[in-house]
Amino acid sequence: MLPDMSRAIFQQDGAPAHTAKKTQEWCDNNLVEFWTKETWPGNSPDLNPIENFWSIVKHDIQMMPTPTNVLMLENHVKLAWSRISPEILENLVSGMCNRVKLCIKRKGGYIGK
């Protein structure tokens with residue numbers, strides 16, 4: 001999403017795939033900067049733009065016919081993903097400052113929509 005990925009900060013939550021030793025080692029060796037799960041408040045998934053992204057994808061998929069097999073589900077996900085415009089992605093990222101400020105105001109609590 002950024003032309004210069006050296007400005008990116010990779011953040012993680014408490015998902016087991018993120019906290020696995022091998023994942024942590026890979027991040028240490030390959031990323032300029034990443035934030036571990038300890039950096040983020042536990043009740044603030046809305047500080048991670050990917051959570052809102054997946055919410056948009058999920059909503060789009062729910063409007064499609066119910067998949068009857070894995071291939072159909074995969075196609076639904078790809079279609080929903082392809083429908084997300086660059087403007088929506090920009091809005092998800094550009095809204096971070098306001099979400100962080102609100103999270104600080106609420107002392108790390110859920111900020112809602």
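A short reminder: the numbers here are calculations on the coordinates, not readings from a lab. Quantities reported herein were computed from a predicted structural model and do not represent experimental measurements.
For P(r) over Cα pairs in 10 Å bins from 0, in percent, the value calculated from this model appears in [x] 14, 49, 33, 5, 0; [y] 12, 33, 37, 17, 1; [z] 14, 42, 25, 14, 5, 0 under label [y].
Taking region 42-113 as the region of interest, the number of lysine pairs whose Cα atoms are within less than 25 Å, with members eight or more places apart or on different chains, is 4. For the pair VAL93 and PHE53, the difference between a 0.36 nm per residue extended length and the Cα-Cα distance amounts to 13.4 nm.
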